[in-house]
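The values are calculated or read from the model by the stated rules, or taken from the named source; none is laboratory data. Computed from a predicted model, the values in this text were never measured in an experiment. Cβ sites come from the backbone with ideal geometry, for glycine too, and all protein chains shown count toward neighbours.
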Amino acid sequence: MSATVALWHETRKDTYHFLPSEEGLTLEDSARYFKETIRPGADLWVAEEASQILGFLALRGSYIDRMYVRPSAQRNGVGLALLKKAQELSPSGLELHTHQENRKARQFYEKHGFKAVRFGVSPPPESAHDVEYHWRPE
């Protein structure tokens, strides 16, 4: 699991420059949060190539709790493969939240049929503008 945490930490540092709560987070902080909050109760799927983890999906029923792709592996089909896995596991629909400022994620989800259903604010410590997305099969 440490490779998954390292990927998550790296991707967060690359993506969430707009979140003050991400400043100064260490790999140890990420590992503790992953172990205590993300891993319990989530089904975890990883995408790997040549024994290197390229991305992961944490799914809680029909809710995509986390989906991250290593920055160097983005736009190469890794996210789509993880998304298809989520759709396979929850064929009646999926839900997720992402930050409004996370334009790459929003474009990705919208390209693949997700619809924004609510705009709000994420819980502390982030307290950032977020958007809830739903995907329903046609």
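Check segment 75-91 and report whether any residue there is assigned to a strand (DSSP E or B) and either more than 23 Å from Glu22 (Cα to Cα) or of a type outside the set (Gly, Ala, Ser) (or both). Looking through segment 75-91, none of the residues is assigned to a strand (DSSP E or B) and either more than 23 Å from Glu22 (Cα to Cα) or of a type outside the set (Gly, Ala, Ser) (or both).
Taken together, the residues in segment 74-98 that are crowded, with 17+ Cβ neighbours inside 10 Å and modelled with pLDDT under 95 amount to 1.
Mind listing whichever residues of segment 99-138 are polar (S, T, N, Q), assigned to a helix (DSSP H, G or I) and surrounded by 15 or more Cβ atoms within 10 Å (Cβ to Cβ)?
If we filter segment 99-138 for residues that are polar (S, T, N, Q), which is where we start, we get 100, 102, 107, 122, 127.
Applying the additional criterion that residues be assigned to a helix (DSSP H, G or I) yields 107.
Of everything in segment 99-138, nothing turns out to be polar (S, T, N, Q), assigned to a helix (DSSP H, G or I) and surrounded by 15 or more Cβ atoms within 10 Å (Cβ to Cβ).
Step by step: first the residues of segment 1-38, then only those that are outside any helix (DSSP H, G or I) and surrounded by 15 or more Cβ atoms within 10 Å (Cβ to Cβ), then the one that is nearest to the chain's Cα centre (by Cα). Which residue is that? Walk me through it before giving the result.
Let us first name the residues in segment 1-38 that are outside any helix (DSSP H, G or I), namely 1, 16-19, 23-26.
Next, only the ones that are surrounded by 15 or more Cβ atoms within 10 Å (Cβ to Cβ) stay: 16, 19, 25.
Details: Tyr16: 12, Leu19: 15, Leu25: 18 Å.
It comes out as Tyr16.
Being farther than 26 Å from Gln100 by Cβ and not polar (S, T, N, Q) holds for only one residue in Leu27, Leu57, Leu19, and it is Leu27.
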